[in-house]
Amino acid sequence: MKFLELPDTKTQCPYISGRKFIAENFLFSAPDADQLDYLLSGGFRHFGAYFFRPVCESCSRCIPLRVIVTDYSPSRSGKRILSKNSMFRVTVGAPGMSRRGFVLYKKHQQRFERKGSESFERYVESFFSPTFGNTQISVFDVNHLISVLHLDVTGTSMSAVYCYFDTAYERRSLGTFTILKGLELALYMNIRWFYLGYVVEENNHMSYKVRYRPNEILAPSGWVPYRVLSGEEQNRRCFDEGFPGTAFRAKHPFRGVFDFSPNVKDG
C-alpha cells in the first residue's frame, strides 16, 4: 500500500467538548517533499501514514496555522524561556524510539480526554514510520529525556507533528521551549514555513499557537495573515468563516498530490 483513500470518519471532537469531528482522511505511506508540502499547505495533518483534515459541516473552529519563518524572531517572553532552559541539552536527528519516550507520551496524554490509552504499537506507527523528512528534537536534563518534538522537514516547510514533555517540568514552559528550538532549527535551515497544526480559540491547548508571529491562517481565500487583519472583529470573522470544509475539497483536493508524482497508484 502506498496510497489508499478512506471514507470520511465522524467521531467525538478532540478539541471542543460535545461536538462531532468529521475528517477527510487517507493512508499515504511514502509522500515525497513536494507532495508533503502540498498536503501541509492544504491543511492536512498526519500521524505516520494516516493523513486527515477537518471537513465538519456545522463547525469551522479548527484553523490551520503556520509561522512565516523568514520574518520570525522570538518574542521577549520566548527569549526568557530559551534563556532559563539553556542548561538543557538539545539534540536533532532521526527519530529514536525508547521506553522513556513512550512513558513521556503516555503521561502527556493523560492531560487530555484520551487519558493515555494508546498502545506502544500505535505510538510507533504514529511517530517512527520511515516517512519523508521524519526528524526528532530531543531535550535532556543531563542524560534524562524530558521533551520530544516530532517534525516533518522538506526543503521549504517544517511541520510540528507532535510535542510531548515531562509534566514535572511544566513550570519551565518546556513545551514552548521545545517548539522554540524547532523554530530555531527552521531558521538555521532557511525553511519558509513552520506549520503548527490547528488553532482552536476555545481550547487552551490549541489557542496558544497564535503567539508565534508573524503567522498565517488558512481562510476560505487561502493563507492570510492573522494579525494584519483590521482588529479583533475581523479576526473573529475570519475564524467564523473558518476552515471551509467541503468547499475547500474542490479548491485543494488531496488527489492533487498525483500532479507531482503521477506514478503513485491506489492500492
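The values are calculated or read from the model by the stated rules, or taken from the named source; none is laboratory data. Everything numeric in this text was worked out from a predicted model, so none of it was measured. Here the Cβ positions follow ideal geometry from the backbone for every residue, glycine too, while neighbour counts run over all protein chains shown.
Any residue at all in segment 161-173 that's at pLDDT 85 or above, aliphatic (A, V, I, L, M) and surrounded by 20 or more Cβ atoms within 10 Å (Cβ to Cβ)?
yes
Could you please find all residues in segment 85-112 being of a type in the set (D, E, K, R) and exposed (fewer than 12 other Cβ atoms within 10 Å of the Cβ)? Step through it out loud before you land on a result.
First, the residues of segment 85-112 that are of a type in the set (D, E, K, R): 89, 99-100, 106-107, 111.
Of everything in segment 85-112, just one residue is of a type in the set (D, E, K, R) and exposed (fewer than 12 other Cβ atoms within 10 Å of the Cβ), namely Arg99.
With the requirement that a residue be of a type in the set (A, V, I, L, M) and free of Cβ contacts under 8 Å to residues at least 12 places away in the same chain, what does segment 1-30 give you? Can you show your working first?
Residues of segment 1-30 that are of a type in the set (A, V, I, L, M), as a first pass: 1, 4, 6, 16, 22-23, 27, 30.
None - no residue of segment 1-30 is of a type in the set (A, V, I, L, M) and free of Cβ contacts under 8 Å to residues at least 12 places away in the same chain, so the list stays empty.
Tell me which of these His108 doesn't satisfy, since it passes every other one: (1) out of contact with any strand residue (DSSP E or B) (no Cβ under 8 Å at 6 or more places or on another chain); (2) under 30 Å from Pro214 (Cβ atoms); (3) part of a helix (DSSP H, G or I).
Only one criterion in (1) out of contact with any strand residue (DSSP E or B) (no Cβ under 8 Å at 6 or more places or on another chain); (2) under 30 Å from Pro214 (Cβ atoms); (3) part of a helix (DSSP H, G or I) is unmet by His108, namely (1).
Take segment 117-140 and flag every residue that is surrounded by fewer than 17 Cβ atoms within 10 Å (Cβ to Cβ) and in a strand (DSSP E or B).
Within segment 117-140, just Phe140 meets the criteria.
Say whether the condition of being of a type in the set (Ser, Thr, Tyr) and at pLDDT below 95 is met by at least one residue in segment 63-77. Let's see the steps before the verdict.
Quick first cut of segment 63-77, residues of a type in the set (Ser, Thr, Tyr) only: 70, 72-73, 75, 77.
Still in the running and at pLDDT below 95: none.
Scanning segment 63-77 turns up no residue that is of a type in the set (Ser, Thr, Tyr) and at pLDDT below 95.
Can you report the number of residues in segment 210-222 which are of a type outside the set (A, V, I, L, M) and touching a residue at least 40 places away in the same chain (Cβ under 8 Å)? I'd like the intermediate steps shown before the answer.
Step one: of segment 210-222, the residues of a type outside the set (A, V, I, L, M) are 211-216, 220-222.
Still in the list and also touching a residue at least 40 places away in the same chain (Cβ under 8 Å): 211-216.
Adding up the residues that qualify gives 6.
Within the set of pairs 6 or more residues apart or between chains, which connect a residue that is farther than 19 Å from Pro225 by Cα and free of Cβ contacts under 8 Å to residues at least 60 places away in the same chain inside segment 180-209 to a residue that is among the acidic types (Asp, Glu) and part of a helix (DSSP H, G or I) with Cβ atoms less than 9 Å apart?
none
Residues that are among the aromatic types (Phe, Trp, Tyr) and at pLDDT 65 or above: find the strands (runs of 3 or more DSSP E) completely inside segment 181-252 holding 1 or more of those.
On the way: elements: 193-199, 215-219, 222-225.
It comes to 193-199, 222-225.
Have a look at Leu104, Leu65 and point out the one that is in contact with a Lys or Arg (Cβ under 6 Å, 6 or more places away or on another chain) and of a type outside the set (D, E, K, R). Don't jump to the end; show me each part of the working.
On the way: Leu104 fails: in contact with a Lys or Arg (Cβ under 6 Å, 6 or more places away or on another chain).
The unique qualifying residue is Leu65.
Kindly establish whether Ile63 is under 30 Å from Gly18 (Cα atoms) and in contact (Cβ under 8 Å) with a residue 24 or more places away in the chain. Explain how you work it out, then say what you get.
On the way: under 30 Å from Gly18 (Cα atoms): yes; in contact (Cβ under 8 Å) with a residue 24 or more places away in the chain: yes.
Against the criterion (under 30 Å from Gly18 (Cα atoms) and in contact (Cβ under 8 Å) with a residue 24 or more places away in the chain), Ile63 qualifies.
Any residue at all in segment 40-51 that is closer than 20 Å to Tyr208 by Cα, in contact (Cβ under 8 Å) with a residue 24 or more places away in the chain, touching a Gly at 6+ places or on another chain (Cβ under 9 Å) and surrounded by 15 or more Cβ atoms within 10 Å (Cβ to Cβ)?
Yes, segment 40-51 contains at least one residue that is closer than 20 Å to Tyr208 by Cα, in contact (Cβ under 8 Å) with a residue 24 or more places away in the chain, touching a Gly at 6+ places or on another chain (Cβ under 9 Å) and surrounded by 15 or more Cβ atoms within 10 Å (Cβ to Cβ).
Can you pull out the strands (runs of 3 or more DSSP E) entirely within segment 1-75 that have at least 1 residues that are of a type in the set (D, E, K, R) and under 13 Å from the mean Cα position of the chain (by Cα)?
Values: elements: 3-5, 9-12, 20-28, 45-47, 50-54, 63-68.
Fully inside segment 1-75 and qualifying: 45-47, 50-54, 63-68.
Assess whether Ser157 counts as being among the polar types (S, T, N, Q) and either under 24 Å from Ser29 (Cα atoms) or modelled with pLDDT under 95 (or both). If you could, list the steps in order and put the result at the bottom.
Working: among the polar types (S, T, N, Q): yes; either under 24 Å from Ser29 (Cα atoms) or modelled with pLDDT under 95 (or both): yes.
So Ser157 passes the test.
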